[in-house]
Structures are given as structure tokens and as C-alpha cells.
Amino acid sequence: MTDDAREADHLGEELSAWVDGEAEDAALVESHVAGCPECAARYRELNALSAALRSLPGPVVGEDFAERVAARIGRGASARRYWPAAAALLAAAAGVVIVAAVVLSVRQPGPMLRTTGVEDVPPGGESGLFDEMLLSSDAAAWDYGFPASGDTPEMNAEELVLALSASGWFEDAAEAWEAERDIEELVQSLDETEKMEFERLLRTYEEGAEI
Amino acid sequence: MGHPLELPVGVPTMELCAVKGVVQGGSEAGKPAVDMQEWQLVERAQAGDAAAFTQLVRRYQVPVVHFCQRMLLSAQDAEDVAQETFVRLYRYLDRLEPGAKFSTVLFGIARNLTLNHLRDTKRRGRGVTDPLESHAGLADRSMRPDQSARLGEIAAMVERGLEALTAEHREVLVLREINGLDYEAIARVLDCRMGTVKSRIARAREQLQARIRDLGGDLV
């Protein structure tokens with residue numbers, strides 16, 4: 001007898017379904033198992049497996065789980081209520097960078113600035129746009145694309161910090177950075193429709209229209 | 001009587017309350033009782049009754065976190081995704097209509113979120129940073145030490161075997177065996193035919209048994 005033929009003599013999915021009480025013809029399965037040692041053994045294995053799975057311990061869920069869900073719902077509701085303002089803040093955050101770049105270009109003659117919009121703001125990575133810029137050890141911040149390509153100024157970290165400080169950039173950036181983090185959280189909480197609307201508003205802002 | 005929670009501005013009508021008296025933990029909590037009660041709670045929540053929504057959360061928090069844990073293999077990620085599941089449920093409250101098992105709606109959301117999470121994790125090449133601890137300790141005081149140890153070994157092997165399954169096989173087994181959903185409910189969660197559920201569960205069991213055998217285990 002071939003393996004296929006032997007397999008055809010035994011119960012497959014139906015035996016598994018019988019363990020779950022979901023067999024199409026329970027009486028048929030039962031009578032087969034009663035007269036078939038192989039299927040009876042298989043049934044005992046499936047039952048043991050089922051019992052082992054069902055006895056796996058459940059998770060330990062913090063008593064404040066529901067409260068944390070509530071807090072999350074609250075944050076999401078706040079974010080959705082104020083997201084037009086948040087969109088404006090995001091655009092403003094980009095604006096702060098532009099202002100900083102302009103100030104630097106005045107203090108550090110050389111590179112020509114090109115107009116930059118929100119889409120020109122480089123990805124912030126894990127540490128975010130602004131802290132990444134602050135962590136720059138040299139004038140690599142210019143690599144963000146504010147100056148024309150190839151016009152990277154020679155500026156060491158100290159000069160960069162002094163220039164940014166004199167322009168009041170740090171105060172603005174700290175505020176904008178907080179706004180950016182809020183916006184990141186907000187964007188993550190949006191569903192697809194809301195994201196599309198968010199992006200539409202950003203485009204509207206870039207085009208100079210009022211939100 | 002619950003205690004009011006302070007919510008941020010923007011949730012004017014919702015003052016969520018903690019509801020006492022809802023059983024948590026243990027395998028019984030993995031099998032919520034009557035859906036009728038759930039839909040009554042949904043209706044009350046739709047009408048702005050925050051305590052009703054909190055009751056839904058408390059009633060299902062353990063099975064949903066358990067499902068997420070077995071799918072994501074990370075306690076931290078599981079709790080995060082489980083919370084997000086209830087946030088989504090809240091957001092879609094107005095669109096919910098009785099007619100299906102409430103649990104299928106909830107596990108449908110949880111399932112989508114866990115699959116998205118697994119996809120994102122794979123795309124980012126990030127592994128599980130806080131793998132689940134083995135729950136080998138299923139000791140029962142009435143058991144002899146050797147029986148207890150044997151049970152712990154079996155549980156550990158079943159867990160390792162479950163973790164080695166594909167997400168497709170793992171989800172049907174978890175929904176069936178751990179969350180206690182019947183085939184029809186699983187078909188609704190997965191949005192597929194009952195026949196598919198039946199064959200997938202049978203295959204998943206074969207795969208799991210093979211994994212356990214590879215680990216040197218024997219359940220019978």
C-alpha cells in the first residue's frame with residue numbers, strides 16, 4: 001500500500017476539526033476513530049497538543065492598562081483637534097531652519113541660499129531633525145541642503161554654535177523641536193484618510209495659502 | 001464606583017472610569033462570555049458612557065494582550081499594540097453595528113495591527129528586543145515535583161514550537177486554542193472561508209507537532 005493510499009484511509013483535517021468540535025460529520029469521525037488505532041493515536045496527540053496550548057499561562061497585564069488606553073485616546077483626540085495648528089507648527093519648524101540658515105549665510109559670506117520648502121527638510125532620523133543638527137561637530141549641518149551644493153562653508157563647531165546662539169536659533173529650535181516631536185506622535189496616530197488630509201494641508205501651506 | 005481619570009483637553013464628553021469586579025488573568029479570561037453583553041456595552045459607549053468602554057477594555061485586555069504576545073513574541077510590543085487595538089476600537093465605535101461577534105471585531109483589529117507590526121519589524125530588520133520569558137513554571141502545589149517539572153518542559157517546548165511557526169499558522173492556533181474562538185469567528189477575523197480555517201488549523205497543528213518533536217518532545 002502506498003503512503004498516499006494509506007493516508008486516504010485515515011482522517012486528516014476532519015480529525016483536527018473533531019478535536020475542536022467542528023467536524024462536518026462527527027458520528028462518522030467517531031466511528032472511524034473507534035476502529036482505527038492510528039487515527040485514535042493521532043486523536044490523542046491532537047488532544048494533548050490542544051490541552052498544552054490551552055494551559056499556557058496568560059500575560060500579566062498592568063492594573064492601569066485601561067487608564068493607559070484612556071490616556072492614549074485622550075492624546076489622539078487632542079492631536080486630531082489641533083492638527084491644523086500642528087501642521088502650521090511643522091511648517092514653522094522648517095521655517096526656523098531657513099531663518100537660521102539665512103542668519104548664518106549673512107554672518108558667513110559665501111554660500112548662496114536656495115529657496116527651501118518643507119520637502120527639503122532632511123529626515124531627522126531617530127534623534128530628530130534639530131538635535132541631529134545640534135550634534136553636528138562641524139559645518140556638516142550645511143549638508144542639509146540650505147546652501148547651494150558645493151558651497152559648504154568652512155566653520156568649526158564652536159563658530160557654528162556661536163552663530164546659532166547669536167541668532168537666537170537655539171530658543172526657537174528647542175520650541176520647534178518639541179513641536180516636531182508632538183507632530184511625530186500625531187502623525188503616527190493618524191489613519192490613512194487623516195494622513196492624506198495632513199499632507200494636503202502641508203502642500204497648501206507650501207503653496208502660500210492659509211490653513 | 002470608579003475614579004475619574006484626568007484626560008487631556010479634547011475629550012470633552014469622556015470621563016473614563018475604572019470599573020471594578022471584572023475578572024482579569026487566567027485562562028478563563030481568555031474566553032469572554034456572552035457577546036450580547038458586549039454589544040450592550042458598545043451601545044452604551046457609543047452614547048458616551050465612558051465606564052462602559054472601560055468595562056470592554058478590562059473584559060478583553062488579557063485575551064487581546066495574550067494574542068498580541070503570542071504573535072509578536074515581545075511583551076512590550078504586545079502591550080503597545082494591544083493598547084492601540086482599543087484606541088482603534090474607540091475610534092470606530094460609531095461605525096460598529098451588532099450582527100457579528102464582538103470578539104471578531106476586536107481580534108480583527110488586533111490581528112491587522114500585529115501583522116503590520118511584524119511587517120514593519122521585518123522591513124526595518126529589527127529583531128525582538130525583549131523576547132518573552134519562557135513560561136515553564138506551571139507548577140501546581142498538588143503535583144509531585146517530577147510532574148511539575150514535566151509540565152514545565154512541555155509548556156516550554158510548546159512555546160518554542162509556537163514561536164517557530166509562520167505568523168499565518170500561529171494566528172489560527174492562538175485564536176482557536178488560546179482565545180477560544182470557533183471556526184466561524186476565526187474566519188471572520190481572517191476574512192476567509194471556514195474551510196480555509198479548518199485546513200490551516202490542521203496544518204498548523206502538524207507543523208507545531210513537528211517542531212516539538214524536533215525539540216525532543218513527546219506530548220502523549
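The values are calculated or read from the model by the stated rules, or taken from the named source; none is laboratory data. Small disclaimer: the values here were computed from a predicted structure and weren't measured. Heads up, the Cβs are rebuilt from the backbone with ideal geometry, glycines too, and the neighbour counts pull from every protein chain shown.
If you go through the range A:12-61 and keep only what is part of a helix (DSSP H, G or I), free of Cβ contacts under 8 Å to residues at least 24 places away in the same chain and at the interface with chain B (Cβ under 7 Å from one of its Cβ atoms), you end up with A:Glu13, A:Ala17, A:Arg44, A:Glu45, A:Ala48, A:Leu49, A:Ala52, A:Leu53, A:Arg54.
The set of residues from the range B:63-84 being over 9 Å from the mean Cα position of the chain (by Cα) and more than 9 Å from chain A (Cβ to nearest Cβ) comprises B:Leu72, B:Leu73, B:Ser74, B:Gln76, B:Asp77, B:Asp80, B:Val81.
For beta carbons closer than 7 Å, sequence separation of 6+ or different chains, a first residue in the range B:57-85 that is modelled with pLDDT under 95 and a second that is of a type in the set (Asp, Glu), the qualifying pairs are B:Leu73/B:Glu163; B:Ser74/B:Asp130; B:Ala75/B:Asp130; B:Gln76/B:Asp130. Among the residues of the range B:187-197, the ones that are crowded, with 22+ Cβ neighbours inside 10 Å and either more than 10 Å from chain A (Cβ to nearest Cβ) or not β-branched (Val, Ile, Thr) (or both) come to 1 in all.
For the condition at pLDDT 50 or above and in a loop (DSSP other than H, G, I, E, B), what is the one hit in B:Gly25, B:Gly48? None of the others qualify; the one that does is B:Gly48.
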